[in-house]
Protein chains: 2
Amino acid sequence: MNALTPAVSTGPLPASRKIHEQGTLHPQIRVPMREISVHRTAGEPPVTVYDPSGPYTDPTVETSIEKGLARHRHEWIATRGDVEAYDGRHVRPEDNGFATGERLTPEFPIRNRPLKAKQGKAVTQLAYARAGIITPEMEFVAIRENLGREILQGKLQRDGEAFGASIPDFVTAEFVREEVARGRAIIPANINHPESEPMIIGRNFLVKINANIGNSAITSSMAEEVEKMIWAIRWGADTVMDLSTGRNIHNIREWIVRNSPVPIGTVPLYQALEKVGGIAEDLNWEVYRDTLIEQAEQGVDYFTIHAGVRLHYIPLTVERVTGIVSRGGSIMAKWCLHHHRESFLYEHFEEICDICRAYDVSFSLGDGLRPGSIADANDAAQFAELETLGELTKIAWAKDCQVMIEGPGHVPMHKIKENMDKQLAVCGEAPFYTLGPLTTDIAPGYDHITSGIGAAMIGWFGTAMLCYVTPKEHLGLPDRNDVKTGVITYKIAAHAADLAKGHPAAKIRDDALSRARFEFRWEDQFNLSLDPETARSFHDETLPKEAHKVAHFCSMCGPKFCSMRISHDIRAEAQKEGMAAMAEKYRAGGDLYMPVRDADAAEPS
Amino acid sequence: MNALTPAVSTGPLPASRKIHEQGTLHPQIRVPMREISVHRTAGEPPVTVYDPSGPYTDPTVETSIEKGLARHRHEWIATRGDVEAYDGRHVRPEDNGFATGERLTPEFPIRNRPLKAKQGKAVTQLAYARAGIITPEMEFVAIRENLGREILQGKLQRDGEAFGASIPDFVTAEFVREEVARGRAIIPANINHPESEPMIIGRNFLVKINANIGNSAITSSMAEEVEKMIWAIRWGADTVMDLSTGRNIHNIREWIVRNSPVPIGTVPLYQALEKVGGIAEDLNWEVYRDTLIEQAEQGVDYFTIHAGVRLHYIPLTVERVTGIVSRGGSIMAKWCLHHHRESFLYEHFEEICDICRAYDVSFSLGDGLRPGSIADANDAAQFAELETLGELTKIAWAKDCQVMIEGPGHVPMHKIKENMDKQLAVCGEAPFYTLGPLTTDIAPGYDHITSGIGAAMIGWFGTAMLCYVTPKEHLGLPDRNDVKTGVITYKIAAHAADLAKGHPAAKIRDDALSRARFEFRWEDQFNLSLDPETARSFHDETLPKEAHKVAHFCSMCGPKFCSMRISHDIRAEAQKEGMAAMAEKYRAGGDLYMPVRDADAAEPS
């Protein structure tokens, strides 16, 4: 693959087209959605679904990786009049791990001057929300979240258990503003990432999922990472974290951000560590601060900051079965021990806030002490750190910064809810963003499943975003197929959570697919599924012929045993008979009603 | 593949050997377990795990499909002196769907005279338990369930939420007897299946899983089905249901039962329907009764009987989105409507009990009206049938028959617990045996995952056995890989449930694997996992070299970013410093303790 013109996955999904809904407060905004058409025999409208895939699935838009995506938010940001462009930091050799010549990933062809807040201004969505301003970003996410709910106006039946969440029947832009203002939701939207299509992360909105990508010292290139990002959002990733730790971190990230319609998150500590040659003890505030500014200027939308790893918590991890499993957490723990002092992240947290505030970089407060095994779940170290994350949340809020909180990890089912409840209590309902959790340790190779179980449950309990886990977790680096499997698994978990929470529109897609199933509309069944290609290919393995896609029986049972086919006969019968009446007669008893004891009296002819 | 000598999967799993524990009450019993050895550097004993795979994984036993497995239970059964051998029913052409010549699957070479209870005797484990008799089967399952618990004697810490289950610290044969006597557990063990290694299904024991196999009108042969059964138990299936619906049902089943160390379940209605040419209306009690006896003589251990589909419940399904999705349920509903009467299963239920009682065939009371979509979950039809299953349970118990109850289906997370609670209340704590449930309808191709989520949860809530769902569900017939994926997914769900319920020994394997992970014992990590082959191959995709299997860093992060490696440095540091003391100092405060507000005062050098 040519690094300069990577081939990326484009084109619509089967039977799908991109549609846009316009704003009213802000008529210039166009909110993308995916419309899935169904067969005319269904006599149903098409199904509209949430669509984070960006212009790559829109054949009417020509995308070019070298040009990057349209900077449609630029005007919204400029109009607010509170930012200024400046030359910005110069790229240094250490930003790319001193890669040179052949090994150096080329710079992204276009260089835009970065924006930052004018002196004294806070340019965060939180600051605007508190000021009572409904930004285009807020109206955008309101329309986006609402999808489907219009058609339910009036005939809405709520059904679910939301554990204290307050999911509205209809999402107004004002509701979004309120939720952001009280810190219960965030809109990660760096002013230097104008290519992004705004999305919201909060307990009262659709459950979101994150996919991790990134190269490592061991493998992969810019082209692969850009394609991985586009591939992940094609299947439904709402945000993408670039966890690169190898060379060329700066340049690879630039290519990713310029081409990403979803928020990009990073762990700045990884790049900072590369800049000091991988020696944790050599890290210092200057190098770290420089890295924050570097990434903020590039447009990174949220930073994972492991500021909750306090010096006196480290001893609490010593007796653990798996110690500290967060990379950032272990790096900071090592630094703290070596220098025998609190981490510079904790000590400089307010300055970090000042930087985030000037670019609207959201915080993802890292759980550096999360458990790495069932044995270590919900232990003293984990919950001590959570308390500190609660403290830091208040400091960030005081600085008008948007915050979410990272959560575990490995947790058996009976200990999952405690994590959610404690987080809500300690962190003032700031959005929770969890990795899994994995509900058992015994299935390496299947940790998308061990964690998908925990993710669905914690999503139901109130987690706002689920960080995916791929089948390669603990074993290796995910390839393209692993990324897809991880994303689909987490879309399942997130959707199962939305259903259980009673999200008003969540059931629309389930019902449409179930009707298609019952009416043997095979094509619709494939097209309405999360992964049409896989559904179709599995069906075709058993019944390859086109004819079978209109067959009125299930390929699993064959005609004689198709329960659904028989159900249709029953329904026909019912119309003939007037079942309700019939049922009454039977319920009333009579000669057809045989109490079980009279078995012998009842020989059918 | 030659139909007469099918190649089946044999040989031990990596680093594993078959061990046997002897009985004390019944010294002749030898309970098989799998011992997984760990690397000597671990300084740990081997890990012993539950093993349903039978002699196929024991290199010291020579297996031959034509001979079948050793009939080790024969002596136990004969010794009881309450059974007699007889000629039994003659195989008829319709038993094999009138298959002839090339299309006829050859008969199993050996024909044993079937056993049945002597006049008036009940030969069920329930009858013995009620009589205060501890059978070899009961001691066998006690030892089998106990596995691992011995080493916990004394140092046992219970940790879990069991929702009213009473899981003992240690399982005695007497405890097994009591649980069976009160109907809270079953030991499916047809006296004509002496090849089986007894297992128990009940809320106070390990959660079990079932794998479905079976040919259909459309595809597959005896050789494939026997291999599918052996393949399924190799990966952990505790029971196998033969759901064949095509030709050769009788002969294929004979090959399966004679070679199966696990209980075999069936849905006799499927074969009965084949005998009447697939016309539901033509079914009648005689043909059905004949089929029950045919299968009881072959040694089928449990029957799914859809006797809960009452005539007046059928109208309740007419407004459903997906009608009736149980094959058996839809067939009986059609029969009931056509004849305008209660089903012969309901009316002849006591006679069915008399047959089961004479062979010890356990009931799996079928949920013919289970929901087939999220929209239909927990509806009137489903719960009406459940009430009837409760009635039938009492009748079966009065006849000394063992009973479990089948459950849904498709259920969103927030409606799962209601299913468990109602079943426990209505069916007198008879074991619950559920299909999934699937927690969303939108992911055909991934329904092992949509259902694995629901299975883990309902298993935690108290379901005794989980019927697997493969990736092909709704789309096609599972192949070898689908069967394995389904089994592993359900082993994960069952184990996650055991952990959450606080099963005393469940955590042993998680902890052993986690220690291996933390100590970079890669081989142990693979060998202790549910699927060593997949774990190893995933690892090798990223780090193929043998050297990397002793590498002291995680293949995902590379050396510099390996949190576990850093944790070891921290632990070393800790030993040097005496962390506990250190921690105290910090907690007490002092110059190292920097409140976050003094950020500036704290520049590291």
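The values are calculated or read from the model by the stated rules, or taken from the named source; none is laboratory data. From a predicted model like this one, the values you see are computed outputs, not experimental measurements. Positions of Cβ are generated from backbone atoms using ideal geometry, with glycine treated the same way; all protein chains shown enter the neighbour counts. Protein only, heavy atoms only, side chains kept; ligands, DNA and RNA dropped before computing areas. Shrake-Rupley method; radii C 1.70, N 1.55, O 1.52, S 1.80 Å.
Using DSSP to call loops (not H, G, I, E or B), can you name the chymotrypsin sites (Phe, Trp or Tyr not before Pro) in the range A:479-522 whose Cβ has at most 15 other Cβ atoms within 10 angstrom?
Hits after loop and neighbour filter: nothing returned.
What order do you get for B:98-109, B:422-433, A:530-541 when each peptide is scored by the mean count of other beta carbon atoms within 10 Å, highest first?
So the order, starting with the most tightly packed, is B:422-433, A:530-541, B:98-109.
Take every residue in peptide A:330-343, count the Cβ atoms of other chains within 10 Å of its Cβ, and give the average of those counts.
Neighbouring Cβ atoms belonging to other protein chains average 5 per residue here.
Compute, for chain A, the length of the dipole vector about the Cα centre, with Cβ point charges of +1 (Lys, Arg) and -1 (Asp, Glu) only. Units Debye, rounded to 20.
720
List, in order, the whole-Hz ³J(HN,Hα) value for each residue of the range A:292-305 obtained from phi through the Karplus relation with A = 6.51, B = -1.76, C = 1.60 and θ = phi - 60°; use x for Gly and Pro.
Listing the rounded values in order: 4, 5, 3, 6, 5, 5, 6, x, 4, 8, 8, 10, 7, 10 Hz.
Assume the label is 7 Å from Cα along Cα to beta carbon: what separations in nm does A:T24 have to the matching positions in the other copies?
7.7
If amide H atoms are built 1.01 Å from N in the plane of the peptide, which residues on other chains or at least 5 residues away come under 5 Å of the amide H of B:S244?
Counting only residues 5 or more places away or on other chains, the set is B:N215.
On full extension of the chain, what length is gained from B:S537 through B:T63, given 0.36 nm per residue of separation minus the C-alpha to C-alpha distance?
So the chain would gain 167.7 nm between B:S537 and B:T63.
Is there a quick way to get the dipole size of the protein assembly as shown? I mean about its Cα centre, with the Cβ of Lys and Arg at +1 and of Asp and Glu at -1; what is the value in debye to the nearest 20?
For the protein assembly as shown, the charge dipole is close to 60 debye.
Roughly what percent of Cα-Cα pairs across the protein assembly as shown reach past 47 Å?
The answer is 34 percent, as a whole percent.
Using a Förster distance of 56 Å, how high is the FRET efficiency between A:F170 and B:E523, based on the Cβ-Cβ distance and rounded to 0.05?
0.50
With charges set only on the Cβ (+1 for Lys and Arg, -1 for Asp and Glu), what does the dipole of the range A:177-330 come to about its Cα centre, in debye to the nearest 20?
So the dipole magnitude of the range A:177-330 works out to roughly 500 debye.
Helix A:136-146 versus the longest principal axis of chain A: what angle, 0 to 90°, nearest 10, using Cα atoms?
Value to nearest ten degrees: 20.
Mind checking the angle between helix A:579-588 and chain A's longest principal axis? C-alpha axes, 0 to 90 degrees, to the nearest 10.
Compared with the principal axis, the helix lies near 70 degrees.
Specify whether the C-alpha gyration tensor of the range B:183-309 places it in the rounded, prolate or oblate class, a ≥ b ≥ c being the square roots of the eigenvalues: rounded for a/c under 1.5, otherwise prolate if a/b is larger than b/c and oblate if not.
Oblate, since a/c reaches 1.5 and b/c is not below a/b.
Would you kindly give the portion of the calculated P(r) for chain A that falls above 33 Å, as a percent of all Cα pairs?
Here the long-distance tail beyond 33 Å is 46 percent of all Cα pairs in chain A.
Which whole number gives the average count of other chain Cβ atoms within 10 Å of the Cβ atoms across peptide B:448-459?
Partner-chain Cβ atoms within 10 Å, mean over residues of B:448-459: 5.
If you roll a 1.4 Å probe over the heavy atoms of the protein chains, what accessible area per residue do you get for the range A:105-185, in Å²?
45
Mind checking the angle between helix B:380-398 and chain B's longest principal axis? C-alpha axes, 0 to 90 degrees, to the nearest 10.
So the inclination is approximately 70 degrees.
Tell me what chain A gives for mean residue ellipticity at 222 nm when only DSSP H runs of n ≥ 4 count, each as -39,500 (n - 2.57), the sum divided by the residue total, rounded to 500 deg cm²/dmol.
-11500 deg cm²/dmol
Any chance you could look up the accessible area of A:D360 with a 1.4 Å probe, heavy atoms only, rounded to 10 Å²?
Number for this one is 0 Å².
Working from the alpha-carbon coordinates of the range A:215-272, get Rg over Rh, Rh being the Kirkwood radius.
0.94
Quick one: go through the range A:386-429 and flag any residue whose amide nitrogen is under 20 Å from the point 7 Å out along the Cα-to-Cβ line of A:R182.
A:390-391, A:393-405, A:420-429
Suppose R0 equals 41 Å. What FRET efficiency, 1/(1 + (r/R0)^6) with r the Cβ-Cβ distance, do A:E351 and A:R30 give to the nearest 0.05?
Efficiency, from the Cβ-Cβ distance: 0.60.
Measuring label to label, 7 Å along Cα→Cβ, what does A:R480 give against each other copy in nm, shortest first?
The projected label point of A:R480 is separated from its counterparts by 2.7 nm.
Go through A:L115, A:I143, A:F98 and say which Cα lies farthest out towards the positive end of the charge dipole of the range A:60-170; charges sit on Cβ, +1 for Lys and Arg, -1 for Asp and Glu.
Of the listed residues, the answer is A:L115.
Could you state how much accessible area A:W397 has, in square angstrom rounded to the nearest 10, with a 1.4 Å probe and all protein chains kept in place?
Estimated to the nearest 10 Å², A:W397 gives 40 Å².
If you average the alpha carbon positions of the range A:122-192 and of the range A:380-434, how far apart do those two centres end up, in angstrom?
21
Nearest 0.05, what FRET efficiency do A:E107 and A:D87 give at R0 = 25 Å with Cβ-Cβ as r?
0.95
Considering only the other residues whose Cβ falls under 12 Å of the Cβ of A:G308, what net charge follows from Lys and Arg at +1 and Asp and Glu at -1?
Charge balance near A:G308 sits at -4.
Compare B:H193, A:H339 by solvent-accessible area with a 1.4 Å probe and give them largest first, with all protein chains kept in place.
Greatest to least solvent exposure: A:H339, B:H193.
Around B:E84, with a cut-off of 9 angstrom between Cβ atoms, what is the net charge of the other residues, counting Lys and Arg +1 and Asp and Glu -1?
So the surrounding residues net to +1.
Inside 10 Å of the C-beta atoms of B:431-443, what's the mean count of C-beta atoms belonging to other chains?
6
Testing the spin-label approximation: label points 7 Å from Cα along Cα→Cβ at A:R17 and A:A78. State their distance in nm.
3.3
DSSP beta bridges in the range B:166-300, what fraction antiparallel, as a percent rounded to 5?
Of the beta bridges lying entirely in the range B:166-300, close to 20 percent run antiparallel.
Under the convention of a label 7 Å out along Cα→Cβ, give the distances in nm from A:R111 to the same position in every other copy, shortest first.
Distances between equivalent label points, in nm: 9.1.
Any idea which of B:S37, B:Q22, B:A7 is furthest toward the positive side of the dipole for the range B:7-121, if Lys and Arg beta-carbons carry +1 and Asp and Glu beta-carbons -1?
Value computed over the given set: B:Q22.
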